1. How do the pairs read when you match residues in region 21-48 that are under 20 Å from Ser7 (Cβ atoms) with residues anywhere that are open to solvent by less than 90 Å² (accessible area, probe 1.4 Å) and of a type in the set (A, V, I, L, M), using Cβ under 6 Å and keeping only pairs 6 or more apart or on different chains?
2. Any idea which of Pro47, Pro11 is assigned to a loop (DSSP other than H, G, I, E, B) and either surrounded by 10 or more Cβ atoms within 10 Å (Cβ to Cβ) or polar (S, T, N, Q) (or both)?
Amino acid sequence: MYLLLSSKPLPQKPVEKIRSGDGLIKYQFLMRDAAVFSEYLPERYKPMFQSRAEAYTRAKEKQARDWQKWKAKRKKAREKRRKKRQAEK
């Protein structure tokens, strides 16, 4: 997804063929940038960027929870193997 900023009317070309330069900026929009855009852009654009920022935040929180679960599972498995090795000695 790209964000096009222009001081002139946008060219009537597919986005893939547009290049930055001469009053035109082509920026690859990343979900992590949505919160910043929602703060600084005019009110009429805020809902679009806020919803994307919230979706990104939820995804990152889920990823963190999944990581914590995975770490706890690995720790439990290591502990189980350690106890098994000690019992064999």
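1. Here the result reads Ile25/Leu5; Lys26/Leu4; Lys26/Ile18; Tyr27/Leu3; Phe29/Leu3, each pair linking region 21-48 to a residue that is open to solvent by less than 90 Å² (accessible area, probe 1.4 Å) and of a type in the set (A, V, I, L, M).
2. Values: Pro47 fails: assigned to a loop (DSSP other than H, G, I, E, B).
Only one candidate qualifies: Pro11.
The values are calculated or read from the model by the stated rules, or taken from the named source; none is laboratory data. Model, not experiment: these values are computed from the prediction. A quick note on method: Cβ atoms are made from the backbone with ideal geometry, for glycine too, and the neighbour counts reach across all protein chains shown. Only protein heavy atoms, including side chains, enter the accessible area calculation; ligands, DNA and RNA are left aside. Shrake-Rupley method; radii C 1.70, N 1.55, O 1.52, S 1.80 Å.
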